[in-house]
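Written out below as structure tokens is the structure these notes cover.
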Amino acid sequence: MLSRPTASDAVAPRAVAAPAAPADDAERWLAPLRAGGPAHERAVADLHALLLRAARFTVRRASGGGGRLREHREDLAQQSADDALVAVLAKLDSFRGESRFTTWAYKFAVLEASVALRRHAWQRREIPLEHDGWLALSDDGASPGEQAQRRELLGALRDAIEADLTSHQRRVLVAVTLDGVPIDVLAERLGTTRGALYKTLHDARRRLRAALAARGFAPGAADDQESPR
């Protein structure tokens, strides 16, 4: 004869595994990635697969319905995942555990894919490093009074760009600010680094502010007219 279930039997909770805490998630990845042998190789392969999924998603979202980019998106995703893997492995010691390790690593793939997409978009485009683009600064859309003031400011700005910047500062400022060249693309074409170009832009802007101030314009006037993208 079967026994009747008791109330305690009826409400006994079923064991459910709790989600991994960030620390547990990090340790699951960091220990084998820092180890050697087969455990390291498996962890690297798993990490690359994670980064590849992130890169594919980023590239696929950018490529949309098709176009020339669609033909290259798998190559771009693979290249991005490879570069992200190298970056993650090189910066393991900088992981602070403020988020899940997978979330932290995912961002590297998204960044590398974004850079690869920008480079691809400019692959066949010529970057005009020597032209008078700053002469085309416009004062359209303002009232007559504002146009007069702006023409005076733009004239001073053009003079400062021409006279107070070095040729390298002028090239970088024009390419990034007026021509909209992504800074990582410009760095690749010039054989330098993003950090070096940011320093060049910073120095150029500082010189322009000083030059405009010397011409009687308020500090920061140049920032209103040209801001690097």
Next item on the list: For residues that are farther than 18 Å from residue 217 by Cβ, surrounded by fewer than 18 Cβ atoms within 10 Å (Cβ to Cβ) and of a type in the set (D, E, K, R), tally how many sit in region 150-179.
Entry: 1
Notebook entry, point to check: What tally of residues in region 163-180 results from selecting those that are at pLDDT 85 or above and either within 17 Å of residue 191 (Cβ to Cβ) or in a helix (DSSP H, G or I) (or both)?
Noted result: 9
Next item on the list: Return the only residue of 135, 117, 69 being modelled with pLDDT of 75 or more, assigned to a helix (DSSP H, G or I) and either in the same structural domain as residue 163 (by TED's automatic domain parsing) or not aromatic (Phe, Trp, Tyr) (or both).
Entry: 117
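The values are calculated or read from the model by the stated rules, or taken from the named source; none is laboratory data. These numbers were taken from a predicted model, which means no experiment stands behind them. Cβ coordinates were reconstructed from backbone atoms using ideal geometry, including for glycine residues, and neighbour counts include every protein chain displayed.
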